[in-house]
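Structure record follows, encoded as structure tokens.
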Amino acid sequence: MKHLPAIAGGQPIRAELLPFAKPTLDAADINAVSEVLKSGILVDGPRTEEFESAFAEYTGAKYAVAVSSGSAGLHIALRASAVGHQEEVLTSPLSFPINANCILYQQGIHTFVDVDPSTYNIDISTLRQKITMRSKAIIPVHFAGQPCDLDPIYKLAEERNLVVIEDATQALGAKYKGKKIGSMDNMTVFGFDATQNLTTGEGGMVTTNSEENYKWLKIFRNLGLVRDPDLLVSPEGPWHYEMQDLGFNYRLTEIQASLGLTQLAKVDDFLKRRKEIACLYNEAFTQLHSIILPFQMPDVESSWHHYIIRLQPDLLTADRLQIYLALRAENIAVDVNYLPIFLHPYYKWLGHPDICTLEGSLCPQAEEIYKNIISLPIYPAMTEQDINDVITAVKKVITYYSK
């Protein structure tokens, strides 16, 4: 009975469910939030500016603009890039739907590019083939925290006069060829939800080295309003402000910024812990030949937002659903990240010829990968016992169902 999965009548590895993700918060975080509440300044205060400056310094960018979410960041980055009606934006289908939703907000056209079967990041050769005369921008997604191969992407963008907006919502602290993600001249978008390596509950940041982009991002974040006396069209006095473009209420609160500051001070420790857990998983699962472990390119350092195993159906007697349920029965909360965006009902219903395909597969690699992947818990708050329980459960279930 010891090696029999709980789903088949054995004893579960854990008595209580191990969460899939959990934020790492301490007294410093709580005190920082409390101090803001006591101050009475809850928005448009010094904490937000301090957080932006500290974040820019951490990533190596000249400028950083705090926003209410990573989704908001992607939206205003596209708006600052002047992406408009019927202009194409190329991106990966393996992402959360907002990656493509923000393109629709700008009345653009999303063009999904298939992914590399090893890294699960955007495939460069396919990207080149998908570019047309209407293409305006590329949004490479650093999937699960592993940076895309950026050099050929930027080279291609320069050749075809395209804007690059990096989706680094899962990649804070990750590096490409020794440089932190977010330090490039383009715009890079980060997210701070509860599962991220830095959390503000909800929130995000856009980094850039362009002063022009920086100015537009600030305008679009704050309802299109301008208060700088030097930029006003008809200044009337110290109280005066003007709406100079169509913007959005995408501001980060002082409460969130205060939490972001204390979290940012611990990001490198969080990253170190995630890498330690990933190394322990890699070492423990090496002999499980019916699964494929995460592949890492030699010139990158992942933030390990997700640790994803890929099942090999030909070597197993169970499908992904059965494996998923078996791990849950062991009280290990696993997940699946992500359903290719174009397979969501809304995107099928749009009827665009690149989306509503009647036969064949739009991005066959992405669809095949999705069918067989499972994400395991990986976050700094995990104890040694938590990690050992995940390892034991995976070995137990995969071994039982292996041919």
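Observations on the structure shown:
- Residue 72 being crowded, with 22+ Cβ neighbours inside 10 Å, in the same structural domain as residue 107 (by TED's automatic domain parsing) and out of contact with any Leu (no Cβ under 8 Å at 6 or more places or on another chain): yes
- Residues of the range 248-281 satisfying the condition of being within 30 Å of residue 79 (Cα to Cα) and not in a helix (DSSP H, G or I): 248, 249, 250, 251, 252, 253
- The condition of being crowded, with 20+ Cβ neighbours inside 10 Å and either within 24 Å of residue 307 (Cα to Cα) or acidic (Asp, Glu) (or both) does not hold for residue 178.
- Number of the condition not met by residue 230 [criteria: (1) under 22 Å from the mean Cα position of the chain (by Cα); (2) modelled with pLDDT under 95]: (1)
- Residue count for the range 163-173 satisfying the condition of being crowded, with 23+ Cβ neighbours inside 10 Å and touching a residue at least 40 places away in the same chain (Cβ under 8 Å): 7.
- Wholly within the range 90-199, helices (runs of 4 or more DSSP H) carrying at least 1 residues that are of a type in the set (S, T, N, Q): 98-105, 124-130
- You will find that of 32, 64, 28, the residue that is hydrophobic (A, V, I, L, M, F, W, C) and within 18 Å of residue 188 (Cβ to Cβ) is 64 and no other.
- All conditions in (1) farther than 19 Å from residue 64 by Cβ; (2) assigned by TED's automatic domain parsing to the domain that holds residue 68 hold for residue 279, with the sole exception of (2).
- Candidate set: the range 293-320, residues that are part of a loop (DSSP other than H, G, I, E, B) and among the charged types (D, E, K, R); chosen: the one modelled with the lowest pLDDT: 299
- Unique match (being assigned by TED's automatic domain parsing to the domain that holds residue 170, assigned to a helix (DSSP H, G or I) and among the hydrophobic types (A, V, I, L, M, F, W, C)) among 82, 66, 77, 61: 77
- Screening the candidates 122, 41, 131 for the property of being among the β-branched types (Val, Ile, Thr), under 30 Å from residue 253 (Cα atoms) and not assigned by TED's automatic domain parsing to the domain that holds residue 368 yields one hit, 41.
- Counted residues, the range 5-26 - those being surrounded by 10 or more Cβ atoms within 10 Å (Cβ to Cβ) and either under 11 Å from residue 330 (Cβ atoms) or among the small types (Gly, Ala, Ser) (or both): 12
- Consider the range 346-367 and keep the residues that are assigned to a helix (DSSP H, G or I) and surrounded by 14 or more Cβ atoms within 10 Å (Cβ to Cβ). The one that is modelled with the lowest pLDDT is 347.
- Considering (1) without any contact (Cβ under 8 Å) to a residue 40 or more places away in the chain; (2) within 19 Å of the chain's Cα centre (by Cα), the lone condition that residue 239 does not fulfil carries the number (2).
- Residue that is surrounded by the fewest Cβ atoms within 10 Å (Cβ to Cβ) [pool: residues in the range 321-342 that are in a helix (DSSP H, G or I) and in contact with a Pro (Cβ under 8 Å, 6 or more places away or on another chain)]: 329
- Selection within the range 376-392 - surrounded by fewer than 19 Cβ atoms within 10 Å (Cβ to Cβ) and either under 14 Å from residue 308 (Cβ atoms) or in contact with a Ser or Thr (Cβ under 8 Å, 6 or more places away or on another chain) (or both): 380, 381
- Matching entry among 302, 258, 290 (being more than 26 Å from residue 205 (Cα to Cα) and either among the hydroxyl-bearing types (Ser, Thr, Tyr) or surrounded by 22 or more Cβ atoms within 10 Å (Cβ to Cβ) (or both)): 290
For (1) farther than 21 Å from residue 20 by Cα; (2) free of Cβ contacts under 8 Å to residues at least 60 places away in the same chain, each residue gets a yes or a no:
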residue: 148; (1), (2): yes, yes
residue: 153; (1), (2): yes, yes
residue: 161; (1), (2): yes, yes
residue: 176; (1), (2): yes, no
residue: 187; (1), (2): yes, no
residue: 203; (1), (2): no, no
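- In the range 282-292, the count of residues that are in a helix (DSSP H, G or I), touching a strand residue (DSSP E or B) at 6+ places or on another chain (Cβ under 9 Å) and closer than 23 Å to residue 69 by Cα is zero.
The values are calculated or read from the model by the stated rules, or taken from the named source; none is laboratory data. Keep in mind the model is a prediction, meaning the values are calculated, not measured. Backbone-built Cβ (ideal geometry, glycine too); neighbour counts: all protein chains shown.
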